Every structure is written in C-alpha cells, then in structure tokens.
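Contents: one structure, followed by commentary.
The values are calculated or read from the model by the stated rules, or taken from the named source; none is laboratory data. None of these values were measured; they are calculated from a predicted model. With ideal geometry, Cβ positions are generated from the backbone for all residues, glycine too; neighbour counts draw on all protein chains shown.
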Amino acid sequence: MGKNVLIIEDEPNIIEAISFILSRDGWDVATHSNGHDAVDVVRSKQPDLLILDVMLPGKSGYDILTELRAEQGTADLPVLMLTARGQNKDRELATRLGASRFMTKPFSNAEVLEALRELVSN
Amino acid sequence: MGSLNTLVAVCATYVALLFLVAFLAERAAIRGRARWLRSPLVYTLSLSIYCTGWTFYGAVGFAARSGLEFLTIYIGPTLVMMGWWWGLRKLVRIGRTQRITSVADLVSSRYGKSPLLAVFVTLIAVAGTTPYIALQLQSVVLSFSSFSCEAPSGGTLAIDRNATALWVAAGLAVFTILFGTRNLDANERHHGVVMAIAVEAVVKLVALLAVGIFVVWGLGGGIGQTLARIDASDIGQWQVANGRWAALIMLSAAAFLTLPRMFQVLVVENEDESHLRTAAWAFPTYLMLMSLFVLPIAAVGLDVMPQDANPDQFVLTLPLSQGREGLAVLSFIGGFSSATSMVIVASLALATMVSNHIVMPIWLRLAAGGAMISGDVRHVVLLSRRLSIAGVLGLGYLYFYISGGGVALASIGLVSFAGVAQVLPALMGGVFWRGANRLGAVAGLSVGFVIWAYTMFLPSFGPGAILPLSVFEQGPWGLSWLHPQALFGITGLDPVVHSVLWSISANTAVFVVVSLLTFPNPMERLQGAQFVNVFQHTGNPQGWSGGIAQSEDLMVMAQRILGPREAQMLFRRAAAAQGISGYLPDPTPEFLQLLEREMSGSVGAATAHAMVSQIMGRATVSVEDLLAVADETAQMMEHQIQLEAKSAELTRTARQLRGANEKLTQLSVQKDAFLSQISHELRTPMTSIRAFSEILRDGDGLPPEQLRKYANIIHQEAIRLTRLLDDLLDLSVLENGQVSLNVQVGSIASLMEHAVASTGVEGKGLRIHRHGLERDLMVETDLDRLSQVFINLVANAHKYCDAPEPLLTIRLVERDNHLVVDFTDNGSGVPRDKQELIFEKFARVSDQKAGGAGLGLAICREIMARLGGAITYLPGQGGASFRVTLPMRMRQAAE
C-alpha cells in the first residue's frame, strides 16, 4: 500500500500535474488549496509527507511550516517546500524554519519523485 | 393715471427691473467679468442703505417737527466716515482675515469664539432690527395710502394696510431668498444684491432731488424766497438742545457701525480696503445731497399743505397736491427703493446671524453624529438661511401689525438705533482693548439690553400696550425711581437721551469693570491679540496645536460643509503647499486654521471651531502660543515672524525630505520585491508547462482525452505567459515614453459602454451606477488607451470590492475643459498607507487578494500621464475611489 502525501498548493494546473505524477508512482494523494485552514487539514489527514507551496492565499507557507514544527504531532513530518521564488534567502529561510527539502519551480518530475522517496525512506 | 392699480403696476415693473439688475450682476460675477461691480463707487452707493424709508420720508417730518435736529442722523455717520476711516479699515481688515460673516460673528470670534455671545448679539440684533423692518413696511403702506387719498381717480379705493404690508414683506422675502441665498459663498459676498442696492441708491437720490427742485423752483419761487419761507417758519430756528444733539449724533454714529445691515455692506461685502478712501468723502457727499432739500420741502409743505397733513408724507403729498402725478410716482419709487433696499440687506444680514449662530448649531447638535456624519449639509445651511429670512420678515410684519404703525417714523428708527448701539462697547473694546474679555462683554451687553428694552423698546409700543399704564405714572410697583423714563428720579431728560445715556453708560461701565475683574481664557487672549493687533499679525493665529487628526475625517466633514469639489480643491492646494501630492495634507495648525476659516464662512466661527475640535479631539492652546501672545514688543514680533518663516520653511523641507526618503526606502524594498515577483509570475506558468510536457514525453499509453487535456493546459499557460510578457513590455514602452498615440475624436459615453461590456462583469456580481453619461461628450484622445484604463478600473472593482453587494458608481463631469471620471465602489477601500503604493508595479494591497500580476494600475498611471491627464486615488469617499482626469482635447506634442 502506498504512502499518503498531502499537497498544499493554490495553482490548479500545478496540483493536477503533481497529483498525476505521484499517483502514477503509487502514492495516495490528497490536495488542499488555501493557507487559512491548512494546519487543521494536516492535523486531521495526518499524511506521511507534505508538499507545501510558499505563496498561498490566507497564510504563507512559511507561517504554516512554523506552526507545524511547533506542534507535537507534526514536528517531524517530512515537508518538501516548493516555491516560485528562487532566491537564496528564500532557501535559507525555509531551511531555518525546518523544511526537510526545498525545490524551486519549475521542477523536473523525476527529481520530485526522487526527493519524495528519499524523504520517506529516512 | 394715479390709480392704485397703476401704482401697483409701477411697483411690479420696478421690482422686475431690480431682479434683472441683480440677475445680470450675479451672472457677470460668475463669469469673472465683474470688475466694475467691485468699484469704490458701487461700494459707496451700497452704503446708502443707511438712508432708509425713514430718511426718505421721515427726515422731512423730523424737520417739520424739530427743525434742524434731523441733521444729527447724518452728522454721526459723516463723522465716522471722515474722521475715523482708519478705524473702519481696521474693522474691514479684521473682517477679512477672520472671515467674519456678521457683527455677531465678529463679537463672538473676538471673545474666544463664544457661541453664547453670538446668540446674544444675534438676539439683540433681531430685537433692534425688527422695529426697523416694521418701519419700512409702514413707510411703504403710508405712501400707498397717501396715493389712495389724494389721487382723484383712486380716492374711492380704500386699501387694506395690513394686506399691503404683508404683500410687500412677502415680495421682499422672495427677492432676498433668491439673491441672498443663491450659493454658500465662503466669503459671503452677494454681487447681485449689492448691485441692486446701488441702483436703488441712485433712484432714491434722483427722486428726492427732483422733488426738492420742484419744491424750491416750482412752488417756493426760487432760492431766495424759499429761504425766506424757512426763516419765517418755526423750523428755521437754530434750536440746539445740546444734550439731545450730542446723544443723537453719538447714537447714529454707533448705529452706523453696529447695525447688522451696515456691518454687512461696510465690512462683509467690502472687496477692497482702499474703497474706504473713496467712500470717506463720497458717502458724506451723498448724505449731504440727500439732506439738501429736506428743510425747503418741510417749510413749503407746512405752508402749503392743510394743517392735519402728515409731514412724514410731504415728499409724496406735495407733488400730488399740485397735480404733479409723474413726480409723485417718481418720489413714491424713491421711497419704495429706500425701504426695500434696507429690508433686503437687513434681513439678509440677520438671517446669516440667525442661521449661523442659532439654527445651525442646534441642527448640528440634534442631527446625531455631530461633525462626522456623511452627506452634504449645504442644503441645510441654505434652507436654514431661507427660513431665517422669512422668519425675520415675518417678525417685522408682526411688529407692524401689533404696533399698528401708530408711532411717528423717526421715533421707531431711534428705538432701533439705540438697541443695536448696545453692541458698540463690546465691539470697540474688542477691537482696541486687549483687556476686554467675554464675561465683561456678556455682562455689559445684558445690562445695556435690559435698560434699553425697559426704557425705550417696551415704551415704544405706547403706554398700556405692553407695560401697564400705571408704570408710566408711578413706576413699577409704585417705585417711582424705577420709572422707565426717569430712572433714579432724574426727570426732565428727553426720553431718548435718558435711555441712551443710561443704557450705554451702564453697559460700558459694567463691561469695563467686569473685564478688569475677571480673566480671559486662552482662546480669548489669542483672538484678542489677533483683533487688536490685526495690522501687525498678518500671520495665522496659532489656535491649533498640531495633533494626530485624521485628515480623511476632516475631508469627510469639509465635503459636507463646503461641497465636495471645493473641499477637494482646498485640500489639494493645502497638500501641494506642504509639498505632498494627493488630497490629504498633514493636519498642521496652519492647515486646520485655514480649514476652520473657510468653513466659518458657511457656518460661523463658533460652529466651525466646534466642528474641527470634535475631530481634533481637543481645542487647547499650547504654552508656546500663549508666550507668543505675551511677548509682543515690536522687536520681538519681527524677530518671531522671521523665525516662524524660517521654521516653517525648515519644517516644509524636512517634510519633503522625509517624504522622499520614505518613498526611496519603499522603492528599494519594491525593487527587491520586483525581481522576486517577476520570478514568481514567470515561473508559475512555466512549472505547469514543464511538468505536463514531461508527462506527455514519458507517458506512453495515456488515453487520448487526457493527452488533449494536458496539451490544452500547456497551451493556456503559454498564453498566460505571453500576456504577462506583453504587459511588461507595454509598461516598459509607456515608461520610456516611446509609445505612439493614435489620437481620435470619439464619444465618451459609447467608449465607457464598450469598456464596461468588454469586462463582462456587469450584472455578474457587480452592479454599476452611471452618472453624467447622459450628455454625450466628445473627447479627443487615444481612445483605445483610455478604454484600456476604464476596463482596468471596472475589472479591479469586480476583483477587489469586498462589499456583500458590490456596487460601482461611475461619475463623469466636465470641468475647466477637463473630463473628470470617478470610479467609486462600496467596498472597504484602500488603507491610507497603501494609497500611494498601489500605482507601483506588482504592488498589491495584500497577498491574500491575488488575482492579476499587479501591473494594471501601473499601466493605467503611465497611460494617463501620456494622455496628458492623471489617475489618482480619492480618499474619503466611502470605498475605493479612483479619479481619472484628462483634457477634453489632447494637446499633441510636437514630434
């Protein structure tokens, strides 16, 4: 049985692309597309892995990550951050807040899959 | 000829002529072609409302009864105009710098903007002027009845005195309302009314001179014989009762300054201080001409007319008795002019006082929310003035009705004079004596007013009318020392001298003593210094210590009082003077003072002050302000003015620098954000394109519909990317000024319809109200570019308006050859700190409300700049509001 992955992202086309790639690879995929209640959704779905966009309506990915890391149940949840802002300071900020992995859009499908596999095997 | 109907027709024609004059003058003033309206001659002629129906008819009666004494009424004003024009200049200067609207406003303003004093002076003025208005009604009615008695064909027509008075009062109310309250001018000048009065001044002078010439040469048999007749009659006796003469001269001089109508023409309607120089000799000349033939007419009248003829009507009845009906009609028109011009100005001046100091404060207090409720209140101000005018004339009519018009004309005039003269001590003290204070003024006025009412006003109705007969015989409750015409047992004085002597001297004494014994509050000290030293203090009074007032709240308030357009212009000018762009100047003390003064033109100083304080939260005077008042040797003053100018300049420079610095910091942050943004905007579509193209490349065995769907996504995202690049290029071209414009003429209405239609949002979640599009205006500009701006603004309202029922109001006006289009929605608007940023590239009010790339308003701004216009954010409109202005015809740059 495949592992659960939750995608939090607001661009419908990107959700569609990632969902397709991951489900073809055998993952159970759930999606959510705004920042307001993202933390609640993570808490209730308890995914094995989280893909988190930075620019989200309602609350930024960084804030969501900070809240998740502060909570007992999600402090160690593997999080892959995706962002369309490719500057170094963004990467540094993500690492400091506790992102497990940081990738810049556009990404290669194969790299995403590889990164996810690594994250769950650790 | 001579019938009453003819007379009514003549009156109606004359009034119609006055309407026409007033109307033309107003129109000329609006078109700015009114230089001749502002000549010293018109000013001087307008002062002639001093000569009322009383002067026209009554002076002859006065002369017939008391000889040369009638001259005192002219000597008083002559002395003031010739000997005291520097004092008048001071009054006029104060009136102008403080935007004084009436004598009540001046007194209240001087004594710390006290609403109580304003109300008090207003009441005194109403009480003092009402008999005077009644007097004018009476003179018109009397002249009507003279005609109906004397004219052979009209003799049978008995006229109803009360009905005539009522008609005249109603007609005058209509005229005054029409020309006195056409608009709420901040400076309260009424060109139409002034012009009509000037015309009436000429008419009455010509009429009186004509009658005089007829009497001297037609009846009296030349100058020599007429003089002989005067010598023969009693009136030629040089009977100078010293006390009475002095009292009357003083009284008329005082009344000349304090009568509401005189103050209106002398100070409020004054256009230029230098006009006083001309008036100083021209007005006494006018008075001299008016009085030239008074004695001959009186002497010949007493000779020729029957014993029981009323000498007050000689001007009219003399020509009538000689069958000179044409001349009589001219004389009638002269008297009519004198009466109407006085009533018009008096009721206008009184209505301004009543409305500003009584009606508006009450209304503003009753209308919940005070200064901050939205909506225009100018119509309320106008309505209250109109009602006040009707009310004042109604009171005058009532007085006429009650008193039955039985008293001789001149004596009513003196009652009025003495009443308003009570304001003189407070007025003079306020202008010349720093020590005068509010409590002193209130106390003095009260004492003077009570004595006047008791010894002069109430007795004027006749014994037994209001005061019981016994009071006149033994004094009230049998206390003879309280006898209304012999206070403290001092008998043998003329009633007028008695009343004036007691009321004015008690008034002055109480005023001075109370002022010396009590302390003025800080606001009074400030205003006192402003008034007394008006020629030194050309700078602003430092009434406001700068606080954190909300400029936007002030704007909302100012729009209600001054009207949106005037308020916006005022704010914009003030902001520009501070070196700030847009509509919201910092609430500096100078700006608040300016705003308060502008508003006081509409609602009076006390109310304007109260409204601004309500928003400012406090009305304190700082220690520095008080020190500034205290240290006032000439040297210190000059030094201080220089320092103030320097400090103001430094403040301005500092503010500009701070502004520039703030903007640079923001720009640098934005520049940083720009790269990040552009990266985000480009990478997002590219992400989908790359992911799906990899899926298509590697995906064998995908079903055809899925293949097509993914290819479609790639296609859409490619288009989105292209559009973004187009926008960026567009903006870059616009910014570099390389754009070529395609200027054509087109209808703004159809352009707007196309723009709205092409957004496709109307009805789909957004209602649109249009104003001002009915008139099909043609503009000459780049129509496609303009349409682009409109589309953007409509689409933005659809995207960002957060009201439950979004409504966009598009309001279009043409102004000064410019098209002004306001797009106002009913959402929560743009926060104050973001209002300047929204026109920058990629600036969004917040991340949450994403929707476009954030280039729309930046492009709009560049387009409008290329079209020679502008787009600005308009604060204080209830929702987000954008104003697009552009010239109706675009000036083509030479290329």
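Quick grid of which residues meet (1) modelled with pLDDT of 75 or more; (2) farther than 29 Å from B:Ile297 by Cβ:
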{"site": "B:Ser145", "(1), (2)": "yes, no"}
{"site": "B:Ile159", "(1), (2)": "no, no"}
{"site": "B:Ala165", "(1), (2)": "yes, no"}
{"site": "B:Leu178", "(1), (2)": "yes, yes"}
{"site": "B:Asn187", "(1), (2)": "no, yes"}
{"site": "B:Val206", "(1), (2)": "yes, no"}
{"site": "B:Ser233", "(1), (2)": "no, no"}
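Identify, by number, the condition in (1) under 23 Å from A:Leu22 (Cα atoms); (2) in a helix (DSSP H, G or I) that B:Leu702 doesn't meet.
(2)
Could you please find all residues in region B:57-101 being under 21 Å from B:Ala346 (Cβ atoms) and touching a Lys or Arg at 6+ places or on another chain (Cβ under 6 Å)?
Result: no residue meets the conditions.
If we scan region B:669-687, do we find a residue that is modelled with pLDDT of 90 or more, surrounded by 13 or more Cβ atoms within 10 Å (Cβ to Cβ) and in a helix (DSSP H, G or I)?
Yes: one or more hits.
Say whether the condition of being closer than 17 Å to A:Ile21 by Cα, surrounded by 18 or more Cβ atoms within 10 Å (Cβ to Cβ) and not basic (Lys, Arg) is met by at least one residue in region B:714-725.
Among the residues of region B:714-725, at least one is closer than 17 Å to A:Ile21 by Cα, surrounded by 18 or more Cβ atoms within 10 Å (Cβ to Cβ) and not basic (Lys, Arg), which makes the answer yes.
Report, ordered by the first and then the second residue, all pairs with beta carbons closer than 6 Å, sequence separation of six or more or different chains, a first member in region B:69-85 that is under 19 Å from B:Leu295 (Cα atoms) and in contact (Cβ under 8 Å) with a residue 60 or more places away in the chain, and a second member that is buried (at least 18 other Cβ atoms within 10 Å of the Cβ) and of a type in the set (S, T, N, Q).
Close Cβ pairs (under 6 Å, with a partner that is buried (at least 18 other Cβ atoms within 10 Å of the Cβ) and of a type in the set (S, T, N, Q)) amount to B:Ile73/B:Ser252; B:Tyr74/B:Ser291; B:Gly76/B:Ser252.
Could you tell me how many of the residues in region A:94-117 are surrounded by fewer than 18 Cβ atoms within 10 Å (Cβ to Cβ) and either out of contact with any strand residue (DSSP E or B) (no Cβ under 8 Å at 6 or more places or on another chain) or under 19 Å from B:His680 (Cβ atoms) (or both)?
Residues in region A:94-117 being surrounded by fewer than 18 Cβ atoms within 10 Å (Cβ to Cβ) and either out of contact with any strand residue (DSSP E or B) (no Cβ under 8 Å at 6 or more places or on another chain) or under 19 Å from B:His680 (Cβ atoms) (or both): 8 in total.
Can you tell me which residues in region B:652-689 are among the acidic types (Asp, Glu) and within 14 Å of chain A (Cβ to nearest Cβ)?
B:Asp672, B:Glu681 - these are the residues of region B:652-689 that are among the acidic types (Asp, Glu) and within 14 Å of chain A (Cβ to nearest Cβ).
May I ask you to say which residue of B:Ala246, B:Ala279 is without any contact (Cβ under 8 Å) to a residue 12 or more places away in the chain and either assigned to a helix (DSSP H, G or I) or in the same structural domain as B:Val8 (by TED's automatic domain parsing) (or both)?
B:Ala246
Residue-wise test of (1) part of a loop (DSSP other than H, G, I, E, B); (2) surrounded by fewer than 20 Cβ atoms within 10 Å (Cβ to Cβ).
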{"site": "B:Ala797", "(1), (2)": "no, no"}
{"site": "B:Glu805", "(1), (2)": "yes, yes"}
{"site": "B:Leu808", "(1), (2)": "no, no"}
{"site": "B:Glu814", "(1), (2)": "no, yes"}
{"site": "B:Leu819", "(1), (2)": "no, no"}
{"site": "B:Thr824", "(1), (2)": "no, no"}
{"site": "B:Asp833", "(1), (2)": "no, yes"}
{"site": "B:Lys841", "(1), (2)": "yes, no"}
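Determine whether B:Arg229 is within 15 Å of B:Gly67 (Cβ to Cβ) and either outside the structural domain of B:Tyr50 (by TED's automatic domain parsing) or of a type in the set (Lys, Arg) (or both).
yes
Within region B:531-580, which residues are over 28 Å from B:Lys663 (Cβ atoms), modelled with pLDDT of 70 or more and in a loop (DSSP other than H, G, I, E, B)?
Correct list: B:Asn533, B:Gly563.
Taking the options B:Pro804, B:Pro831, name whichever one is at pLDDT 85 or above, farther than 18 Å from B:Ala858 by Cβ and under 42 Å from the mean Cα position of the chain (by Cα).
After ruling out the rest, the residue left standing is B:Pro804.
Is there a residue in region B:699-709 that is loosely packed, with under 12 Cβ neighbours inside 10 Å, within 14 Å of chain A (Cβ to nearest Cβ) and either under 30 Å from B:Ile580 (Cα atoms) or modelled with pLDDT under 85 (or both)?
yes
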